[in-house]
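Here's the structure we're looking at; comments come further down.
The values are calculated or read from the model by the stated rules, or taken from the named source; none is laboratory data. This one's a predicted model, so the numbers in the text were calculated from it and none came from an experiment. Cβ atoms come from the backbone with ideal geometry, glycine included; neighbour counts cover every protein chain shown. Note: accessible area is taken over every heavy atom of the protein model, side chains too, but ligands, DNA and RNA are not part of it. Shrake-Rupley method; radii C 1.70, N 1.55, O 1.52, S 1.80 Å.
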Amino acid sequence: MIKKFALCIALLAPAPLLAHPHIFVDTGLKLEVNAAGELTAVEVTWAYDDFYSLLIFEDLLLDSDFDGALTPQELERLKGFDMNWSEGFEGDLYLTAGARALALGDPVHLSTEVERGIITTRHRRELIGETPVAARGVTVKPYDPTYYTAYDLSRGVEVTGPCTASVTPPDLDRAYTLVEELLYAMPTEQAEDAYPEVGAAFAATVSLACEG
């Protein structure tokens, strides 16, 4: 249903507006660093926009009284709705250390809440690999490669341990220029089904710095 709605909006808009995402997620990150300065896990908060939250309510037949709140039984049915990831899905979270991509394990659900019709969920993922990962110099970017979903960092970034995080916002002028170049290089009828993967260009970058 949401794709049909988004397509109707897109067909009424000028070509550059096709870059607009269809789902908006207020995102928060907690980066877990141990005493040795090693990054061990990431806790992710996703607060979905009100329209997408409403679509989830409708799909799961929740909030029948339309008051924007759920009963304990309904919350239990909602729990984990966004944890059924398909194989190969990266969780729209990308970590790198230099030129090396860092691997994260499967998500562990922490909480699901609903307030004023907004669904907010939290999950945790541990870093996986044979060797510990020094947190210093690690970068983190939350994004959907297709830019169907837009993630911002309005929920903030927290670091536990002897490190700090800085956030570099995306260069939106450069990102939209990239979108226009890629879109105009393809037939209009392909723009929705074969949308260029530009999500990374619209992503904020979190950089870790550590003492010592």
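Looking at (1) in contact with a helix residue (DSSP H, G or I) (Cβ under 7 Å, 6 or more places away or on another chain); (2) modelled with pLDDT of 95 or more, which is the one condition that is false for THR146?
Evaluating THR146 over (1) in contact with a helix residue (DSSP H, G or I) (Cβ under 7 Å, 6 or more places away or on another chain); (2) modelled with pLDDT of 95 or more leaves (2) as the failure.
For region 80-103, what are the residues that are in a loop (DSSP other than H, G, I, E, B) and loosely packed, with under 14 Cβ neighbours inside 10 Å?
Once the filter is applied, which keeps residues that are in a loop (DSSP other than H, G, I, E, B) and loosely packed, with under 14 Cβ neighbours inside 10 Å, region 80-103 yields GLY80, ASN84, TRP85, SER86, GLU87, GLY88, PHE89, GLY98, ALA99.
May I ask you to verify whether ALA135 is of a type in the set (Gly, Ala, Ser), modelled with pLDDT under 95 and within 22 Å of ALA165 (Cβ to Cβ)? Lay out the reasoning, then the answer.
Values: of a type in the set (Gly, Ala, Ser): yes; modelled with pLDDT under 95: no; within 22 Å of ALA165 (Cβ to Cβ): yes.
No; evaluated as a whole, the condition is false for this residue.
Report the residue count in region 63-79 for those that are on the phi > 0 side of the Ramachandran plot and open to solvent by 30 Å² or more (accessible area, probe 1.4 Å).
1
Please give the number of the condition TRP85 fails out of (1) in contact with a helix residue (DSSP H, G or I) (Cβ under 9 Å, 6 or more places away or on another chain); (2) closer than 27 Å to GLY156 by Cα.
(1)
Return the residues of region 120-163 that are under 12 Å from LEU93 (Cβ atoms), of a type in the set (Val, Ile, Thr) and either open to solvent by 30 Å² or more (accessible area, probe 1.4 Å) or not in a strand (DSSP E or B) (or both); say none if nothing qualifies.
Answer for region 120-163, where residues must be under 12 Å from LEU93 (Cβ atoms), of a type in the set (Val, Ile, Thr) and either open to solvent by 30 Å² or more (accessible area, probe 1.4 Å) or not in a strand (DSSP E or B) (or both): just THR139.
Mind counting the residues in region 41-79 that are under 17 Å from THR27 (Cβ atoms), acidic (Asp, Glu) and in a helix (DSSP H, G or I)?
Result for region 41-79: 1.
Restricting the first residue to region 39-63 and requiring it to be within 17 Å of ARG122 (Cβ to Cβ), which pairs with a second residue that is among the small types (Gly, Ala, Ser) meet a Cβ separation below 6 Å and a spacing of at least six or different chains?
Cβ pairs passing all conditions: THR45/GLY28; SER53/GLY117.
Are any residues in region 104-119 in contact with a Leu (Cβ under 9 Å, 6 or more places away or on another chain) and either open to solvent by 50 Å² or more (accessible area, probe 1.4 Å) or in a loop (DSSP other than H, G, I, E, B) (or both), and if so, which ones? Don't jump to the end; show me each part of the working.
As a first pass, look at region 104-119 and keep what is in contact with a Leu (Cβ under 9 Å, 6 or more places away or on another chain): 104-105, 112-114, 117, 119.
Correct list: GLY105, GLU113, GLY117.
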